[in-house]
Amino acid sequence: MAPVPPIMKAVQISQNGGVEVLEYKDIPVPTVGDGQILVRNRYAGLNYIDTYFRSGLYKVPQFPQTLGREGAGEVVAAHASVSGIPVGARVVFMGTYGTYAEYSVVAASDAIVIPDSVSTDKAAAAYLQGLTAWTFVREAGEVKAGQWALVHAAAGGVGGLLVQMLRAVGAKTIGTASSEEKCELARKNGAGWTILSSDDVVAKVKEITEGHGVDVIFDGVGKDTFDADIEMIARKGQIVSFGNASGAVPPVNILRLTPKCIKLMRPVVGGYLADRASLEKYSNELFEMVASGKLDILIHDVYPLKEVARAHQDIESRKTKGKLLIKL
Ligand code: NDP
């Protein structure tokens, strides 16, 4: 194994703004403390949340800040207190700041060893978005076979995995997306019906479900779709609002939930993975689905670290389908 250098390449921000604030630079390689491992990242997963931290919608802990919250690579050093994750193991991790960098220090309790049957790029591509989709289907939506489900942005990273998982649990799934090409992908992935987001989505949902509405909605689009969600959710339905791709949902008057006894929730994936047993259970289930081919992991593109700005532009301009990866 090559020795760990003192300096590495990283992409940081020193202020919030557009893609011009992304700085490709040399920074010191971090060193491990108690309970930590040092990972030579091979891929960072790009997630929409990275754009929120860049723009300032979500606050970073400090400036300068290395962006990126998901990585996969090999363990190159471990603190003496760490057991169970040997140097040389391939691992994937999320939640830790700073994966737009060649090395990351990670709490060993956050790292999962990648099974031999799964390649490092697929692990990085499936992990954060896959755990989001799977915990939300299981715990946030508690989706049952035969229920009507609707997924917004159904050809995106999380959306593309949601429709596949909803098919696996036997839901009747409607996907929305902004182009016919994206709708076609959503149908291929398991949506029984698709609706162009520029159409009258509420009217189409009523038509497809013969007036019933959808029992559960997975909405990562946010501001632009929330009002329609309230209209097309079925009586006693569950709205899972989990993102802000079009902007944050403004404060909601709780009385809007009353007429149809609607349940509304705003979950975060980490909340379902807070203890090690849950992290291992959901990660194992996810990697089984990947290894067996039950889940098709679509990688939109792999960008060199230097070109992170282009990746941010691509995801924000709604050009992308599936996962964006940064090669390190
Ligand atoms: P995606 O790959 O899904 O990209 C976002 C998609 O949103 C676009 O492709 C686009 O699809 C759709 N979209 C609709 N309106 C807009 C708009 N105005 N600008 C840009 N895109 C728009 O991203 P991710 O899979 O990374 O994330 C999806 C959502 O899930 C995000 O909101 C993210 O924050 C959230 N998320 C939440 C988590 C949680 O724990 N709560 C965890 C992970 C993700 P189309 O062109 O078809 O409309």
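The values are calculated or read from the model by the stated rules, or taken from the named source; none is laboratory data. Values in this document were obtained by computation on a predicted structure and should not be read as measured data. Every residue, glycine as well, gets a Cβ built from its backbone with ideal geometry; the counts of neighbours run over all protein chains shown. These accessible areas exclude ligands, DNA and RNA; they are computed on the full protein's heavy atoms, side chains included. Shrake-Rupley method; radii C 1.70, N 1.55, O 1.52, S 1.80 Å.
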Next item on the list: Grab the DSSP H runs of the chain that are 4 residues or longer, score each as -39,500 (n - 2.57), total them, divide by all residues and round the 222 nm result to the nearest 500 deg cm²/dmol.
Entry: -8000 deg cm²/dmol
Margin query: Rounded to whole Å, give me the distance from the Cα center of the range 183-210 to that of the range 294-316.
Written below: 26
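Taking the solvent-accessible surface of protein heavy atoms with a 1.4 Å probe, what is the per residue accessible area of the range 266-310 in Å²?
Values: 2420 Å² over 45 residues.
Per-residue accessible area for the range 266-310 comes out at 54 Å².
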Next item on the list: Calculate, for the range 145-259, the solvent-accessible area per residue in square angstrom, rolling a 1.4 angstrom probe over the heavy atoms of the protein chains.
Entry: 42
Note to self: For a quick check of understanding: with a 1.4 angstrom probe and all protein chains in place, what accessible area in square angstrom does Val214 have, to the nearest ten?
What the structure shows: 0
Item checked: Label zone at Ser83, where the point sits 7 Å out along the Cα-to-Cβ direction: the range 242-284 residues whose backbone N lies under 20 Å -> 276-277, 280
Item checked: Surface per residue (accessible, 1.4 Å probe) for the range 1-114, Å² -> 41
Check: At a 1.4 Å probe radius, carbon and sulfur cover how many percent of the accessible area of the chain?
Finding: 52
Next item on the list: Note down the accessible area of Ser83, probe 1.4 Å, to the nearest 10 Å².
Entry: 100
Next item on the list: At a temperature of 25 °C and a viscosity of 0.890 mPa s, determine how fast the chain diffuses translationally according to Stokes-Einstein, using the Kirkwood radius over alpha-carbon pairs as Rh; express D in µm²/s, rounded to the nearest whole number.
Entry: 121
Item checked: Accessible-area value, Glu285, 1.4 Å probe, nucleic acids and ligands omitted, Å² -> 50
Check: Using alpha carbons only, how many degrees (0 to 90, rounded to 10) separate the axis of helix 276-291 from the longest principal axis of the chain?
Finding: 80
Check: In whole angstrom, how far apart do the alpha carbon centroids of the range 127-143 and the range 45-90 sit?
Finding: 21
